[in-house]
Amino acid sequence: MEGETLNIKLELLLRSVDVASYIPGRIRLRSKKLVGNLKLEREIKSQLGSFNEIDTVETSTTTGSILITYVPDNLRSNKDLARAEKYIAKHAKK
């Protein structure tokens, strides 16, 4: 059940952001909801930071930016994150 909840949270996050850029190992997301929202910033950092496969999560409540860095092969070892990466790659603006 916990994995199911995690999948839902990950999907909700992905559907609530714009994919500003994607290259394997580096993803930049943008969220208007993040601007000025310290509570949301803490939630995003906590949730994404809980994945061992993600190296860093940097956020900005000024710009609404979320920068995620990771080693592609490590991330893809997690089926949920691999699926999320494919979704991001498909929806990237650049």
Fill in: In segment 66-94, the residues that are surrounded by fewer than 17 Cβ atoms within 10 Å (Cβ to Cβ) and in a strand (DSSP E or B)
Leu67, Thr69
Worksheet item: Considering segment 21-37 alone, what residues qualify as being out of contact with any Gly (no Cβ under 7 Å at 6 or more places or on another chain), more than 13 Å from Glu58 (Cβ to Cβ) and surrounded by 14 or more Cβ atoms within 10 Å (Cβ to Cβ)?
Response: Ser21, Tyr22, Gly25, Asn37
Practice prompt. Find all pairs meeting these conditions: Cβ atoms under 8 angstrom apart; at least six residues apart or on different chains; first residue within segment 64-93 and on the phi > 0 side of the Ramachandran plot and touching a residue at least 12 places away in the same chain (Cβ under 8 Å); second residue buried (at least 16 other Cβ atoms within 10 Å of the Cβ) and of a type in the set (Gly, Ala, Ser).
Written response: Gly64/Ser31
Worksheet entry | Verdict on Ser60 being of a type in the set (S, T, N, Q), exposed (fewer than 15 other Cβ atoms within 10 Å of the Cβ) and modelled with pLDDT of 95 or more | yes
Worksheet item: Using beta carbons and a limit of 8 Å, which pairs, at least six apart or on different chains, have the first residue in segment 20-45 and more than 16 Å from Glu85 (Cα to Cα) and in contact (Cβ under 8 Å) with a residue 24 or more places away in the chain and the second one charged (D, E, K, R) and assigned to a strand (DSSP E or B)?
Response: Ser31/Asp18
Worksheet item: Considering segment 60-80 alone, what residues qualify as being within 16 Å of Tyr22 (Cα to Cα) and not acidic (Asp, Glu)?
Response: Ser65, Ile66, Leu67, Ile68, Thr69, Tyr70, Val71, Pro72, Leu75, Arg76
Item to complete: Give the residues of segment 36-61 that are outside any loop (DSSP other than H, G, I, E, B), under 15 Å from Leu13 (Cβ atoms) and among the small types (Gly, Ala, Ser), sorted by residue number.
Response: Ser46, Gly49
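The values are calculated or read from the model by the stated rules, or taken from the named source; none is laboratory data. If you're wondering where the values come from, they're calculated on a predicted model, not measured in any experiment. Cβ sites come from the backbone with ideal geometry, for glycine too, and all protein chains shown count toward neighbours.
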